[in-house]
Amino acid sequence: MIEIGHLSLRFGEREILKDINLRIRPGEIFTLIGPSGSGKTTLIRLIDLLESPTAGTIFFDGQDTATSEAGRLAFRRRMGMVFQKPAVLNTTVAGNVAFGLKFRGVTGTEQEERVNKALRLVGLAEFGPRRALTLSGGEMQRVALARAMVTEPEVLLLDEPTANLDPVSAELIEDLILKINREFKTTIIMSTHDMIQGQRLADRIGVIMDGKLVQTGTSTDIFYQPMGQKIARFVGIEAITGGIVVENTSGHALIRVKDTCIEALTGIGAGKRVALYIRPEEVTLTPTDSLPPKSSVRNQIPGWIKRMVPSGPFIRVTVDCTIPITALITRRSCTELGFSPGSLVTAGVKATAIHVLPDEGENPVNKFIC
Amino acid sequence: MIIGINLFSRIRLLRTFPEWTRLNDITEGISQAIHLIVTLNPEVMQIAALSLYISLSATILAAVIAIPVGGFIHFHEFRGKRVLIVLIQTLYSVPTVVVGLVVYLMISRSGPFGFLGLLFTPEGMILGQTVLIIPIMMGLVISALGGVDKSISDTLIALGATGSQKIFEIVKEARYAILSAVVLGFGRAIAEVGVAMMIGGNIRGHTRVLTTAITLETGMGKFGFSIALGIILLAVALIVVVTLNLITSGLDRDAQQLAGGPRG
């Protein structure tokens, strides 16, 4: 649907986007995730042809968008856009929704019918005559969504559509996004800094960091196999660095980190420096004094609890096993097992749950024996 | 001799009780003013009507020029834009007599536009007041348009607006602030005396307006007439403001509040 090639944007000395290559498939929900200020909004604005790139191309449905202003307007009219902070004009809700139709010369009863249909879609059927400026943030964002959808765009662009909303309103918007994608087969490109939202909605995810598209893939790819420490940290994994592959028997590797030996699956050969990525949800903790039941978990690493940070219904427990391992445990099990800082525990991690990447800076190292 | 003593004692009286004397003048003036207004004194009415005609014409003319030009300046990027805006803002405070002088030189018999014969005519005064209020109106139109958030402009473009559709909607969005700019221009026009005096010449029955009449009558000690004209001047301003309120009160209450209009 949209093909982006070698896209760059500079503002003076500042490079906002660097060599972006991306292909958006028709009918998919593609989510751009990345920290604030990484260039997500700029990329979305470039796709909507609100800005012009310094270099590179954007093809819409096979056609180059680098054309006359009239040509760009024609492409833009096949897309809909919802901004992070919805801007409503000082008129009624229906008046706001009607703008896109008005600009395209749709008037009279057809305009009225389509506006009503769009308002029904977002669940604001009764709101037509109300002043748009009196709406709540969530309602305004739904009006913005109706306003974008009223022209039945082929591509819907959403820039952090739930960033300023309460959880209930955010969920409503998320449901609407899924509904629009299913019912109208609209291709949706959205940005978010909420990686959970990205995971929930997206068919595919692209990670943008410092203006570069650093990884594209399904949510499983991104969340379990992040390509690098920065991405890992963004998706909630602290990398364990300084590992060395001691031996590797047909993909089954033994990795030594400090004084600990860890089994993991990787193709990286012996002697190489690696970093390990373990999702906190994949780590089990058992008190050291109660012997763990026999299990298929290959790595049983003893240590003591260094830090416990509440995170919603969970507690992030950092265990010092000479290397730091983080586990995500429910509050209930924490209480039941009597965990507190200083408790001696055994961290269990399956060999398959460890993602191994070459460590930055591959220095030749001495061979260690486990 | 008697007259001399009389004059002398009167001056002494004024020195001893100046407040009392002026207070008397004022109360007498007010009662005279009420009389002149209630009886619809033809001269007073003629002066008021001419004032309204000249200042309203100047306001309309200035608006017709200032709104599109202000819009052009706001919506286009060009070299020296900031300098131009600063210049326009500086002209907000240009003395009316300076505008009077410049326009006088332009339209006097030997000036470049002398052939139009505008000096000492109401039309010449309209021209002068138009020149006087264009900067303030244009400057305020530019700030009014600048006050419309950039996100509105982005939203309109994203919704598929052409260049002119976008400008139209943004001007519409800034309508209340633009209306204020026009009203302020009218206020400056009807209240000024420099241009009216220099270009109009304060000719009785021809170019005499409220402000120049007040100047003249006060100078001649006819306070009653002056006060009557002053009251009428304020009444005209009141009528304009009330009319504006009536226009905006066509909207419902919350719209007025959000537009910065009157409440209730």
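List of remarks:
- Hits in region A:118-153 - residues which are surrounded by fewer than 19 Cβ atoms within 10 Å (Cβ to Cβ) and touching a Lys or Arg at 6+ places or on another chain (Cβ under 8 Å): A:123
- Scope region A:133-168; condition touching a residue at least 60 places away in the same chain (Cβ under 8 Å) and within 22 Å of residue A:33 (Cβ to Cβ); matching residues: A:144, A:145, A:148, A:155, A:156, A:157, A:158, A:159, A:160, A:161, A:163, A:164
- Residues satisfying the stated conditions in region A:292-351, i.e. within 32 Å of the chain's Cα centre (by Cα) and among the basic types (Lys, Arg): A:298, A:306, A:307, A:316, A:331, A:332, A:350
- Verdict on residue B:179 being surrounded by fewer than 20 Cβ atoms within 10 Å (Cβ to Cβ) and within 14 Å of chain A (Cβ to nearest Cβ): yes
- Some residue of region B:77-86 being under 23 Å from the mean Cα position of the chain (by Cα), of a type outside the set (Asp, Glu) and at negative phi: yes
- Some residue of region A:7-17 being at pLDDT below 90 and on the phi > 0 side of the Ramachandran plot: yes
- Residue count, region A:66-102 (criterion: modelled with pLDDT of 90 or more and more than 14 Å from chain B (Cβ to nearest Cβ)): 1
- Count of residues meeting criterion [part of a helix (DSSP H, G or I) and closer than 30 Å to residue A:42 by Cα] in region B:109-147: 5
- One residue stands out among those in region B:33-50 that are surrounded by fewer than 20 Cβ atoms within 10 Å (Cβ to Cβ) and in contact with a Lys or Arg (Cβ under 9 Å, 6 or more places away or on another chain): the one that is nearest to residue B:124 (Cα to Cα), which is B:46.
- Complete set of residues in region B:158-169 that are surrounded by fewer than 21 Cβ atoms within 10 Å (Cβ to Cβ) and not polar (S, T, N, Q): B:163, B:166, B:167, B:168
- When region B:151-176 is filtered for residues that are more than 9 Å from chain A (Cβ to nearest Cβ) and without any contact (Cβ under 8 Å) to a residue 12 or more places away in the chain, the ones remaining, listed by number, are B:164, B:168.
- Of all residues in region B:62-91 being surrounded by 15 or more Cβ atoms within 10 Å (Cβ to Cβ) and not hydrophobic (A, V, I, L, M, F, W, C), the one that is farthest from residue B:141 (Cα to Cα): B:89
- Spans of helices (runs of 4 or more DSSP H) in region A:114-202 with at least 1 residues closer than 18 Å to residue A:98 by Cβ and of a type outside the set (A, V, I, L, M): A:137-149
- Residue in region B:135-144 that is at the interface with another protein chain (Cβ under 9 Å from one of its Cβ atoms), of a type in the set (Val, Ile, Thr) and either more than 30 Å from residue B:233 (Cα to Cα) or free of Cβ contacts under 8 Å to residues at least 60 places away in the same chain (or both) present: no
- Output for region A:149-169, where each listed residue is β-branched (Val, Ile, Thr) and within 25 Å of residue A:59 (Cβ to Cβ): A:151, A:155
- Any chance residue B:144 is surrounded by 19 or more Cβ atoms within 10 Å (Cβ to Cβ) and either of a type in the set (D, E, K, R) or over 30 Å from residue B:241 (Cβ atoms) (or both): no
- Among the residues of region A:136-155, none is identified as within 12 Å of another protein chain (Cβ to nearest Cβ) and modelled with pLDDT under 90.
- Test result for residue B:53, assigned to a helix (DSSP H, G or I), surrounded by 14 or more Cβ atoms within 10 Å (Cβ to Cβ), modelled with pLDDT of 85 or more and in contact with a Gly (Cβ under 9 Å, 6 or more places away or on another chain): no
- Screening A:64, A:48 for residues that are assigned by TED's automatic domain parsing to the domain that holds residue A:158 and touching a Leu at 6+ places or on another chain (Cβ under 6 Å) leaves exactly one candidate, A:48.
- Residue ID - farthest from residue B:137 (Cα to Cα), chosen from residues in region B:27-50 that are of a type outside the set (A, V, I, L, M) and not in a helix (DSSP H, G or I): B:39
The values are calculated or read from the model by the stated rules, or taken from the named source; none is laboratory data. Predicted model, so just to flag it, every value in this text is computed and none were measured. Heads up, the Cβs are rebuilt from the backbone with ideal geometry, glycines too, and the neighbour counts pull from every protein chain shown.
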